[in-house]
Amino acid sequence: MSDKEILQPAMSSAGQVKAARERAPYLVAFAVLIALTLVEIGVVRSGGIPHRAAVVALIALALAKAALIALFYMHLRYETRILKLTVLGPLVAPAVYALLLMLDAARRHAS
């Protein structure tokens, strides 16, 4: 046996199957992200959707994509609940602030 074979053993077929299974959720998440992006493009380009409904749909799609990215690519899916809440916490304050700003703008526009 050469030194190269000893230092870098060939991957067995069982190892290849395991690697493919570990990669599968990421590929599925990627496919879902592509599908959500195509839906976003469809919402933007379709003329029959009212403006407010389009905005709500785009925000919902963006939140779904952000959740997928956080769960799979930031590996939060496999973390403890307290770590998930630690990541979620800083996102809540700007969301509440944005909601309050939108409500204030709507109230001022209606007056």
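I'd like the full set of residues that are part of a helix (DSSP H, G or I) and farther than 29 Å from residue 34 by Cα, limited to segment 94-111.
Within segment 94-111, 97, 100, 101, 102, 103, 104, 105, 106, 107, 108, 109, 110 qualify.
For residue 58, only one of the following conditions fails: (1) surrounded by 12 or more Cβ atoms within 10 Å (Cβ to Cβ); (2) modelled with pLDDT of 90 or more; (3) over 30 Å from residue 106 (Cα atoms). What is its number?
So the condition that residue 58 fails would be (3).
Taking the conditions exactly as written (loosely packed, with under 13 Cβ neighbours inside 10 Å and among the acidic types (Asp, Glu)), does residue 40 satisfy them or not?
For residue 40, the condition - loosely packed, with under 13 Cβ neighbours inside 10 Å and among the acidic types (Asp, Glu) - is not met.
I'm trying to understand the selection: among the residues of segment 32-80, which are in a loop (DSSP other than H, G, I, E, B) and not hydroxyl-bearing (Ser, Thr, Tyr)?
47, 48, 49, 50, 74, 75, 79, listed by residue number.
Restricting attention to segment 76-105, which residues are of a type in the set (Gly, Ala, Ser) and surrounded by 10 or more Cβ atoms within 10 Å (Cβ to Cβ)?
Scanning segment 76-105 gives 95, 98, 105.
Quick grid of which residues meet (1) surrounded by 10 or more Cβ atoms within 10 Å (Cβ to Cβ); (2) aromatic (Phe, Trp, Tyr); (3) under 30 Å from residue 89 (Cα atoms); (4) at pLDDT 95 or above:
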site: 1; (1), (2), (3), (4): no, no, no, no
site: 6; (1), (2), (3), (4): no, no, no, no
site: 13; (1), (2), (3), (4): no, no, no, no
site: 33; (1), (2), (3), (4): yes, no, yes, yes
site: 66; (1), (2), (3), (4): yes, no, yes, no
site: 71; (1), (2), (3), (4): yes, no, yes, no
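The values are calculated or read from the model by the stated rules, or taken from the named source; none is laboratory data. Here the structure is a predicted model, which is why all the values come from computation and not from measurement. Reconstructed Cβ throughout: ideal geometry from the backbone, glycine too, with neighbour counts over all protein chains shown.
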